[in-house]
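The values are calculated or read from the model by the stated rules, or taken from the named source; none is laboratory data. This is a predicted model, so every value here is computed, not measured. Neighbour counts run over all protein chains shown; Cβ positions are idealised from the backbone, glycine included. Side chains included, ligands, DNA and RNA excluded: accessible areas come from the protein's heavy atoms. Shrake-Rupley method; radii C 1.70, N 1.55, O 1.52, S 1.80 Å.
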Amino acid sequence: MDIKKKDIRALTKVQLRDFFVEEGDKAFRGNQVYEWLWSKGAHTFEDMTNLSIATRDMLESNFVINHIKVDQMQKSSDGTIKNAVRLHDGLIVESVLIPVKNRTTACVSSQVGCSLDCRFCATSRLKRMRNLNPDEIYDQVVAIDKESRLYHNRPLSNIVFMGMGEPLMNYNNVLKAIDKITSPEGLAMSPKRIVVSTSGVPKMIKKMADDEVKFKLAVSLHSAIDEIRTSIMPFNATFPLADLREALVYWYEKTKNRITYEYVVWDGINDTKNDVEALIKFCQFAPSKVNLIEYNPIDDGEFQQAKSKAIDMYVSMLEANNITVTVRRSRGKDIDAACGQLANKA
Ligand code: SF4
């Protein structure tokens, strides 16, 4: 009978220690294997040279080590790198390395496809196929860290969960991956350098606050007017702005962490004074800042970047109301690696 072997990296250190005790071995053997898997990045049991051959064979017959494989790497003229990452079951997600001055940021995926339906986003057309496991999220970061060292001579400095998928729809696995990324046995990164970007799932934002997470929160807002937001992000009909606002106030009260609003201004959609006034009001509910992101059209459709006059109006009105605003230039456009463009096209 063909017994499906378990992915050994799904086990915690305690579970690994218990496994060895059940096998009549010493618990510390679990620590050794854990170190091979996470600190040393072993891809096979054969690599675990301080274990006896019998132990390696026993592991081989019980487990597999699932690893991602960077199938294709594309480099942009601006230094941005996009990885097409093959998962153990053949599905593909994308992750991006963005170098800026003295920082390199990894933009990682949390789901294969996405269950949400933001109309301006290429990923939404893929539909959600499955959630990524914690190790699949972690491996994307490790792969980008290696590329950062190789091509930019510095380790990865920041991570944003802004790739494919809605991270709060895969909350437990994202949390486990972040635990690993921030633990001394993983990459020992500070959680303050990690941003989880959500389209705004109120219940989950409250849960994050209750869980006292230490990473930062960004919300893809794009409009502070329900009617407009629902027309571009249809799930807003289920999670309207009033619920989002309440969850964000709760988040700030619990964490004292300022919120970042990601915001694209589109021509003829949200480029009027009325739109800015609604955004200013929304920003006043909890301490926040606004990132105005340059848009990359995914086709010739209705979503086109607003004229610079509209962007200037946003900046001056927000600043006049003491709201910090940054205009973010798009990176990696030539390789379809920019915001909203990830769709396994390569
Ligand atoms: S913008 Fe984010 S949440 Fe919306 S469809 Fe795209 S990947 Fe999903």
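Computed quantities for the displayed model
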| quantity | calculated |
| --- | --- |
| Under-5 Å amide H pairs with residue 331, H placed in peptide plane, nonlocal only | 339 |
| Cα-centre dipole for region 89-170 with unit charges at Cβ (Lys and Arg positive, Asp and Glu negative), debye to 20 | 320 debye |
| Contour minus Cα-Cα distance for residue 64 and residue 329 (0.36 nm per residue) | 91.2 nm |
| Residue 22 versus residue 190: modelled label distance in nm, points set 7 Å from Cα along the beta carbon direction | 4.1 nm |
| Added length on full extension, which subtracts the Cα-Cα distance from 0.36 nm per residue, residue 285 to residue 299 | 1.5 nm |
| Rough spin-label spacing in nm, given labels placed 7 Å along Cα→Cβ, for residue 129 and residue 277 | 4.7 nm |
| Positive-end extreme of charge dipole, the chain - chosen from 114, 221, 61 (charges on Cβ) | 221 |
| Size of charge dipole - region 1-84 - debye, nearest 20, with Cβ of Lys, Arg +1 and Asp, Glu -1, no other charges | 260 debye |
| Cut-off 10 Å between beta-carbons: net charge of the residues surrounding residue 324, Lys and Arg +1, Asp and Glu -1 | +1 |
| Cβ-Cβ FRET estimate between residue 119 and residue 40, R0 fixed at 51 Å, reported to 0.05 | 0.70 |
| Karplus 3J(HN,Hα) series, Hz, for region 36-44 with 6.51 cos²θ - 1.76 cosθ + 1.60 (x for Gly, Pro) | 4, 5, 9, 7, 9, x, 4, 9, 9 |
| Amide H partners (placed H, <5 Å) of residue 325, local residues excluded | 290 |
| Heavy-atom accessible surface of the chain: percent carbon and sulfur, 1.4 Å | 50 percent |
| DSSP beta bridges in the chain [antiparallel fraction, %, rounded to 5] | 45 percent |
| Contact order relative to length of the chain, as percent, for alpha carbon pairs under 8 angstrom and 6 or more apart | 14 percent |
| MRE, 222 nm, helices only [DSSP H, n ≥ 4, -39500 (n - 2.57), over the chain, to nearest 500] | -10500 deg cm²/dmol |
| Total charge dipole magnitude, the chain, about the Cα centre, Cβ charges on Lys, Arg, Asp, Glu only, Debye to nearest 20 | 740 debye |
| Computed label-point distance, nm, for sites residue 237 and residue 152 using a 7 Å Cα→Cβ extension | 4.0 nm |
| Fraction of the pair-distance distribution of the chain above 31 Å, Cα-Cα pairs, percent | 37 percent |
| Within region 261-311, GluC sites (Glu not before Pro) in DSSP loop having at most 14 other beta-carbon neighbours inside 10 Å | 302 |
| Karplus 3J(HN,Hα) series, Hz, for region 54-63 with 6.51 cos²θ - 1.76 cosθ + 1.60 (x for Gly, Pro) | 4, 5, 4, 5, 4, 5, 4, 7, 9, 9 |
| FRET E, pair residue 6, residue 316, Förster distance 35 Å, beta-carbon r, rounded to 0.05 | 0.05 |
| For the chain, built as a Gaussian network whose Cα springs stay under 10 Å, the top-fluctuating residue of 104, 260, 272 | 272 |
| Histogram of C-alpha separations across region 121-212, 5 Å bin width, % | 3, 12, 22, 24, 20, 12, 6, 2, 0 |
| Built amide H within the under 5 Å cut-off of residue 42, gap 5+ | 37 |
| Tilt relative to the chain, helix 308-320 - C-alpha long axis, 0 to 90 degrees, to 10 | 90 degrees |
| Average accessible area per residue (Å²) across the chain - probe 1.4 Å, nucleic acids and ligands excluded | 47 Å² |
| Extension gain, residue 249 back to residue 89 (0.36 nm per residue minus Cα-Cα distance, nm) | 53.6 nm |
| Compactness index (Cα Rg / 2.2 N^0.38 Å), region 1-108 | 1.37 |
